[in-house]
Ligand SMILES: Nc1ncnc2c1ncn2[C@@H]1O[C@H](COP(=O)(O)OP(=O)(O)OP(=O)(O)O)[C@@H](O)[C@H]1O
Ligand SMILES: [Mg+2]
């Protein structure tokens, strides 16, 4: 339960609304508790001094009061919900924002450790469960306390002894409802888990439809779906069975209370020579019925609070997580152009793979460094370290001779344009995808967007789309080819006019000819600014000032294109092989 205390700050934030809600609850219960007294009056008056002349007047006046009381109760009930339930919605909104803000703060390793489903659940399902505690949970608890106080007072006024007898079954009901609710909650969680399994199957079969059809996977998927749907049905049937117990249990216990009231009320009435009237007994039956739902809600609310506590605990776990990478410097920063890696090593905790081992290199202002290496040799890891997605385990990275952790990382990232290896485009227009590259203090018009798309040599494709820059990508939108996506992603990096351009194998899906054109187009950018090009194709990097060859996280060769060729080592070997491949390809084309 301790985890829920985290929410107290929100309860305090909305304390006036909550207090107002409590006033409304008191108001509605005040009207409610007086209603049985009218009935009691009616029964007693018709019973004892029935006057055939006046009965209509009496009926009308008592009926009128009864209607007014229920009207008053209804109005206050309306305002109760308008305050307390609304507060729970406000807190839900605040909490979701808080969680999302935290998600934005957290870094690479956090996202590698946690899967998307968990991240989504925290912000949707768990928050919903917490809201149930804040809304109905708080409302019913306050309501119970107030209604109980009022009702017991009214009942004891009639007869203390009868009150004691008739209330005995109610705590038993609370306990039973608690048991049944907990069981129902457990079962509905199982149903939900099955439901999300079905969603995953269906979703994957839609997004992977091309693979599915190509491999004739329809039957396999159909079987998976059938199996899942079957389990779902079974789990749901369990829930329905428990559910079926719920109302009969309550009704049964109300019945027992009512019978007890009538029987014991009658006995007491005889014993005490009519100090308890028929009207009293009728009012008692009303009161017992009034107390039923609040007592049932004790059980329901208890299990609801337990679930909310478990959810809040999971949320708290995420909220108290500190980002591994923090900006330590908010001073203005102007990147001059020098990068240094000094004996840097990095091992991935999850796989134990030492991706970078004792790596040292330097990129001078305005220089272009190229990193070449086979797949898995650690090239992308170098870039992730440079962008401070994570910090090295050993060694130091320096930007303009300052240790990277002391640099204003937000500013450094702002002045850097990274084209990542895995292209990610948003389901948005091409224009907005390119403009995403602008930092908050930059602006661009359609002409600028067009220009960078031209530089990335993809404008001629986009021009042919009916909607041009407005073309929406992604689901329900246009599918770009792999090479087109890479080029839009290059345009996104270029539009921010970066002082430091990083290209991570981002020309792998275009042919060598297009590659040459693009590299020619950005020649100016590359020559003027510090650049890092990663590739496993010699053709993309041979013009670089300096080339590193990586293997298994280690630097095995370095030098300029010519120097490396003269060495006749790994680089020269790769170069000859790739030249041969290219020559063969062009022969085939002829
Ligand atoms: N998040 C991660 N967790 C664990 N191991 C990782 C992670 N990312 C990369 N690795 C491992 O680190 C090594 C270097 O990976 P990296 O992505 O840097 O290679 P690369 O040179 O960019 O390869 P490619 O040319 O295929 O892009 C690989 O063996 C890879 O399996
Ligand atoms: Mg890579």
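Report yes if residue 94 is farther than 21 Å from residue 31 by Cα and in contact (Cβ under 8 Å) with a residue 24 or more places away in the chain, otherwise no.
When the stated conditions are applied, residue 94 passes them.
Kindly provide the set of residues from segment 338-366 that are away from ligand 2 (no atom under 16 Å from the Cβ) and surrounded by 19 or more Cβ atoms within 10 Å (Cβ to Cβ), ordered by number.
The answer is 339, 340, 341, 344, 363.
For (1) more than 16 Å from ligand 1 (Cβ to nearest atom); (2) surrounded by 14 or more Cβ atoms within 10 Å (Cβ to Cβ); (3) assigned by TED's automatic domain parsing to the domain that holds residue 409; (4) over 16 Å from residue 14 (Cα atoms), each residue gets a yes or a no:
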| position | (1), (2), (3), (4) |
| --- | --- |
| 52 | yes, no, no, yes |
| 67 | yes, no, no, yes |
| 94 | yes, yes, no, no |
| 104 | yes, no, no, yes |
| 116 | no, no, no, yes |
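Could you give me the residue pairs with C-beta distances under 8 Å whose first residue belongs to segment 502-522 and is at positive phi, whose second residue is modelled with pLDDT of 85 or more and within 13 Å of ligand 1 (Cβ to nearest atom) wherever it lies, and which are 6+ apart or on separate chains?
Sorted first by the residue in segment 502-522, then by its partner, the pairs are 505/379; 505/380; 505/421; 505/534; 505/535.
For every residue, the table says whether it meets (1) assigned by TED's automatic domain parsing to the domain that holds residue 529; (2) buried (at least 16 other Cβ atoms within 10 Å of the Cβ); (3) at positive phi.
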{"position": "557", "(1), (2), (3)": "yes, yes, no"}
{"position": "568", "(1), (2), (3)": "yes, no, yes"}
{"position": "575", "(1), (2), (3)": "yes, yes, no"}
{"position": "578", "(1), (2), (3)": "yes, no, no"}
{"position": "583", "(1), (2), (3)": "yes, no, no"}
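Quick check: is even one residue across segment 23-36 in a helix (DSSP H, G or I), at pLDDT below 90 and under 30 Å from residue 142 (Cβ atoms)?
Among the residues of segment 23-36, not one is in a helix (DSSP H, G or I), at pLDDT below 90 and under 30 Å from residue 142 (Cβ atoms), which makes the answer no.
Does residue 123 qualify as being under 26 Å from the mean Cα position of the chain (by Cα), assigned to a helix (DSSP H, G or I) and surrounded by 16 or more Cβ atoms within 10 Å (Cβ to Cβ)?
Yes.
Let me confirm something: among 218, 161, 204, 194, which residue is assigned by TED's automatic domain parsing to the domain that holds residue 277 and crowded, with 18+ Cβ neighbours inside 10 Å?
Exactly one residue qualifies, and that residue is 194.
Test residue 150 against the stated conditions and say whether it is in the same structural domain as residue 261 (by TED's automatic domain parsing) and in contact (Cβ under 8 Å) with a residue 12 or more places away in the chain.
For residue 150, the condition - in the same structural domain as residue 261 (by TED's automatic domain parsing) and in contact (Cβ under 8 Å) with a residue 12 or more places away in the chain - is met.
Looking only at segment 287-308, decide whether some residue is over 30 Å from residue 150 (Cβ atoms) and either within 16 Å of ligand 2 (Cβ to nearest atom) or under 25 Å from the mean Cα position of the chain (by Cα) (or both). Show your work before the answer.
Taking segment 287-308 and keeping what is over 30 Å from residue 150 (Cβ atoms), we get none.
Looking through segment 287-308, none of the residues is over 30 Å from residue 150 (Cβ atoms) and either within 16 Å of ligand 2 (Cβ to nearest atom) or under 25 Å from the mean Cα position of the chain (by Cα) (or both).
Report yes if some residue within segment 274-282 is surrounded by fewer than 17 Cβ atoms within 10 Å (Cβ to Cβ), at positive phi and assigned by TED's automatic domain parsing to the domain that holds residue 95; otherwise report no.
Yes, segment 274-282 has at least one match.
How about segment 312-345: which of its residues are within 18 Å of the chain's Cα centre (by Cα) and in contact (Cβ under 8 Å) with a residue 12 or more places away in the chain?
Answer for segment 312-345, where residues must be within 18 Å of the chain's Cα centre (by Cα) and in contact (Cβ under 8 Å) with a residue 12 or more places away in the chain: 312, 313, 314, 315, 316, 318, 319, 321, 323.
If I filter segment 324-337 for residues that are touching a strand residue (DSSP E or B) at 6+ places or on another chain (Cβ under 8 Å) and assigned to a strand (DSSP E or B), do I get at least one hit?
Just the residues of segment 324-337 that are touching a strand residue (DSSP E or B) at 6+ places or on another chain (Cβ under 8 Å), to begin with: 335, 337.
Restricting the remaining residues to those that are assigned to a strand (DSSP E or B) gives none.
No, there is no match, as no residue in segment 324-337 is touching a strand residue (DSSP E or B) at 6+ places or on another chain (Cβ under 8 Å) and assigned to a strand (DSSP E or B).
Quick one: which residue in 139, 132 is in the same structural domain as residue 19 (by TED's automatic domain parsing), touching a helix residue (DSSP H, G or I) at 6+ places or on another chain (Cβ under 7 Å), part of a helix (DSSP H, G or I) and within 26 Å of residue 196 (Cα to Cα)?
132
The values are calculated or read from the model by the stated rules, or taken from the named source; none is laboratory data. All values derive from a computational prediction rather than experimental measurement. Reconstructed Cβ throughout: ideal geometry from the backbone, glycine too, with neighbour counts over all protein chains shown.
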